[in-house]
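Structure first, commentary second.
The values are calculated or read from the model by the stated rules, or taken from the named source; none is laboratory data. Small disclaimer: the values here were computed from a predicted structure and weren't measured. Here the Cβ positions follow ideal geometry from the backbone for every residue, glycine too, while neighbour counts run over all protein chains shown. All accessible areas refer to the heavy atoms of the entire protein, side chains included, with ligands and DNA or RNA removed. Shrake-Rupley method; radii C 1.70, N 1.55, O 1.52, S 1.80 Å.
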2 protein chains.
Amino acid sequence: MGKKIKVFAPATVANVACGYDVLGFAIDSPGDEVVVELKDEPGVEIVAITGDGGKLPTDTTSNTAGVAMQQLIKKTDYEGGAKVWLHKKMPLGSGLGSSAASSAAGAFAMNQLLDKPFTSAELVPFAMEGERLACGAAHADNVAPALMGGFVLIRSYAPLDIVPIDTPESLYCTVIHPQIEVATKDARQILKKDIPLTDAVTQWGNVAGLIAGLYRKDYGLISRSLQDVVIEPVRSLLIPSFGEIKAASLKAGALGCGISGSGPSIFSLCQHQEVALEIAHIQAKIFADMGVTSETYTSAINQNGPIVMK
Amino acid sequence: MGKKIKVFAPATVANVACGYDVLGFAIDSPGDEVVVELKDEPGVEIVAITGDGGKLPTDTTSNTAGVAMQQLIKKTDYEGGAKVWLHKKMPLGSGLGSSAASSAAGAFAMNQLLDKPFTSAELVPFAMEGERLACGAAHADNVAPALMGGFVLIRSYAPLDIVPIDTPESLYCTVIHPQIEVATKDARQILKKDIPLTDAVTQWGNVAGLIAGLYRKDYGLISRSLQDVVIEPVRSLLIPSFGEIKAASLKAGALGCGISGSGPSIFSLCQHQEVALEIAHIQAKIFADMGVTSETYTSAINQNGPIVMK
């Protein structure tokens, strides 16, 4: 038997209302687990996938974790290969960075097994290749926080410029995943190619305010900044009762509430854990009342990124 | 004789490359001076204006400082009036917040004389009314830093939400004002009403990066973030040799270089005073070589806003 490791990588909330394509953060739960074992023969072999309902490909070149690991191996002088067991512990196509969590877990596990030739930030491009496969574009707003933890800003894609953002301690997130399907590609296509300059100004005032609020630990400023006048008005049409959920969550004390990634999951940020739990309850009831099954997750902001599991 | 005070208010750089309409900072020099004296009779009387080449109106309702002072008085129970002497010590229509400096100086002086009923941030709306007169719109990205000092974010205009941003100590600014005319109204009209979403994303990545860079005191990040893909490509057409000036300044070590406000002044941010001085020299030579007279100003970021002069 070769050297073996089990890794957990967290789910992530991308976009964060005003930070479309540039901002994301990691949450403690849910997340994916991978087991990776080194083998002498070259190549990455996906041995088994659980928790995906049979939807994910085990062919390495079509699997996000496999692609991320192969990209990493290419940049080292390691001549062997790896076997992978992938345990999906979160819903697919939920807007919670499911493919990113697998990519991050794979890249992180491989890096650990090869005695850490790369930093967390250096793993991002490998995991982005997995994202390219899943979304048709190499986005980093899920993989970067999945690998680095906390809030992460992708200032630029060309060249890639990743900035970890300080996160105040008492910030909690509730995520609700209603059992409806929204494909990332559709969610992108619904967006307009041009936006009014006045809306863009509003948005960059808010994203600047959010970053300042996080550094100043100013929850009021964070709350006022968590607004999206560009993407949410369009994408929320794909999520039944989004407006009702959002209004009820803000009324119950959420700092802000928006679409997680391209949806259909909805995130809420709160200053207190009790508020986050209460909001999960309120949101689940609204979906239940309209006959939609949902899963809720409440956790602190994940500050670690992937971890090795015992 | 009534109670009398002399006040200096600083020039300001609005927009700051990636922060169109939401960001500005104050510089130590140049700036405007006002002398304000209380009088028993109601009304604000502009006694004299110097340094304006006879261009500014002394009619109170048409003068930015006068308007700001009247707006302030309206919100108090003060029943008297004030006499004003305005000394313009900076070029008009330069993109350095000339009208804002006068508005800020007037509002600040009046507030001092009435024993400070308002905080600096509370003075902003009064000074904005002066800006409405000067620009046709009540912008705050010059008056807010003129009143508060440092970098200031205008997160939102409705409601007005002003956020002071921490400024690293060793940040210097060079401003060059070429003797060419660009009216703010023209500079606004040249802009497109819609912009590509991809450009907006680039811009809000940069403004988020700039705010993070200021808080992290990360000069490399500040430098990488000082880019404007939306406004500068259009407005720079109004400033001859802008591209040459910018390229030479970056080559000489500027962190970034862009249009100050709506121009024609150009600002450069630098990490060292010697670099800022060297850049002023290089820029002035480029304009001189093309037969354009210019004034240069090099200073630290102003951290105080207006001050009472002895």
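Taking the options B:K55, B:K6, B:K88, name whichever one is away from every other protein chain (no Cβ under 14 Å) and at pLDDT 95 or above.
One residue alone meets the criteria, B:K6.
Within the set of pairs 6+ apart or on separate chains, which have a first residue in the range A:150-161 that is at positive phi and assigned by TED's automatic domain parsing to the domain that holds A:A17, a second that is crowded, with 18+ Cβ neighbours inside 10 Å and not in a strand (DSSP E or B), and C-beta atoms under 9 Å apart?
Between residues of the range A:150-161 that are at positive phi and assigned by TED's automatic domain parsing to the domain that holds A:A17 and residues that are crowded, with 18+ Cβ neighbours inside 10 Å and not in a strand (DSSP E or B), the close pairs are A:G150/A:T167; A:G150/A:N302; A:G150/A:G305.
If you take the residues of the range B:196-215 that are within 24 Å of the chain's Cα centre (by Cα) and more than 7 Å from chain A (Cβ to nearest Cβ), which of them is nearest to B:Y172 (Cα to Cα)?
Once the filter is applied, the top-ranked residue is B:L214.
How many of the residues making up the range B:202-227 are surrounded by fewer than 24 Cβ atoms within 10 Å (Cβ to Cβ) and not in a helix (DSSP H, G or I)?
Adding up the residues that qualify gives 3.
Anything in the range A:243-260 that is open to solvent by 10 Å² or more (accessible area, probe 1.4 Å) and farther than 16 Å from A:L171 by Cα? List them, or say none.
A:G243, A:E244, A:K246, A:A247, A:A248, A:K251, A:I259
Condition (residue is at pLDDT 95 or above, closer than 17 Å to A:N304 by Cβ, crowded, with 17+ Cβ neighbours inside 10 Å and assigned by TED's automatic domain parsing to the domain that holds A:G149) applied to the range A:17-24: is it met by at least one residue?
yes
Residue-wise test of (1) within 14 Å of another protein chain (Cβ to nearest Cβ); (2) over 21 Å from B:P10 (Cα atoms).
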| position | (1), (2) |
| --- | --- |
| B:A104 | no, no |
| B:P117 | no, yes |
| B:L123 | no, no |
| B:V152 | yes, no |
| B:D161 | yes, yes |
| B:I165 | yes, no |
| B:I176 | no, no |
| B:D186 | no, yes |
| B:D194 | yes, yes |
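Looking only at the range A:36-60, which residues are part of a strand (DSSP E or B) and either open to solvent by 20 Å² or more (accessible area, probe 1.4 Å) or among the acidic types (D, E) (or both)? If you could, list the steps in order and put the result at the bottom.
Initially, the range A:36-60 is screened for residues part of a strand (DSSP E or B), giving A:36-39, A:43-50.
Listed by number, the residues that qualify are A:E37, A:L38, A:K39, A:G43, A:E45, A:V47, A:A48, A:I49, A:T50.
Can you tell me which condition B:E181 does not meet? The list is (1) at pLDDT below 90; (2) closer than 18 Å to B:G24 by Cα; (3) open to solvent by 50 Å² or more (accessible area, probe 1.4 Å), and all the others hold.
Failed condition: (2).
Evaluate the range A:156-175: report whether one residue or more is among the acidic types (D, E), over 24 Å from B:I165 (Cβ atoms) and surrounded by fewer than 16 Cβ atoms within 10 Å (Cβ to Cβ).
To start, the set of residues in the range A:156-175 that are among the acidic types (D, E) comprises A:161, A:166, A:169.
Next, from what is left, pick out any that are over 24 Å from B:I165 (Cβ atoms): none.
Looking through the range A:156-175, none of the residues is among the acidic types (D, E), over 24 Å from B:I165 (Cβ atoms) and surrounded by fewer than 16 Cβ atoms within 10 Å (Cβ to Cβ).
For the range A:267-280, state whether one or more residues are within 14 Å of chain B (Cβ to nearest Cβ) and without any contact (Cβ under 8 Å) to a residue 12 or more places away in the chain. Before you say what the answer is, go through the steps one by one.
Here is the first cut: in the range A:267-280, the ones within 14 Å of chain B (Cβ to nearest Cβ) are none.
No, the range A:267-280 contains no residue that is within 14 Å of chain B (Cβ to nearest Cβ) and without any contact (Cβ under 8 Å) to a residue 12 or more places away in the chain.
For the range B:253-278, give me each residue that is over 20 Å from the mean Cα position of the chain (by Cα) and farther than 20 Å from B:L221 by Cβ.
Correct list: B:Q273, B:E274, B:L277, B:E278.
Under the condition of being part of a helix (DSSP H, G or I) and in contact with a strand residue (DSSP E or B) (Cβ under 6 Å, 6 or more places away or on another chain), which residue from the range A:61-99 is surrounded by the most Cβ atoms within 10 Å (Cβ to Cβ)? I'd like the intermediate steps shown before the answer.
Taking the range A:61-99 as the starting set, the residues that turn out to be part of a helix (DSSP H, G or I) are A:61-62, A:64-74, A:98-99.
Keeping just the survivors that are in contact with a strand residue (DSSP E or B) (Cβ under 6 Å, 6 or more places away or on another chain) gives A:65-66, A:69-70.
Values: A:A65: 30, A:G66: 26, A:M69: 32, A:Q70: 22.
Result: A:M69.
Using the structure shown, decide if A:S98 is within 14 Å of chain B (Cβ to nearest Cβ) and either over 28 Å from A:K217 (Cα atoms) or without any contact (Cβ under 8 Å) to a residue 12 or more places away in the chain (or both).
Details: within 14 Å of chain B (Cβ to nearest Cβ): no; either over 28 Å from A:K217 (Cα atoms) or without any contact (Cβ under 8 Å) to a residue 12 or more places away in the chain (or both): yes.
Here the answer is no, as A:S98 does not meet what is asked.
How about the range A:126-180: which of its residues are over 26 Å from A:H272 (Cα atoms) and assigned to a helix (DSSP H, G or I)?
Of everything in the range A:126-180, those that are over 26 Å from A:H272 (Cα atoms) and assigned to a helix (DSSP H, G or I) turn out to be A:F126, A:A127, A:M128, A:E129, A:G130, A:E131, A:R132, A:L133, A:A134, A:C135, A:V143.
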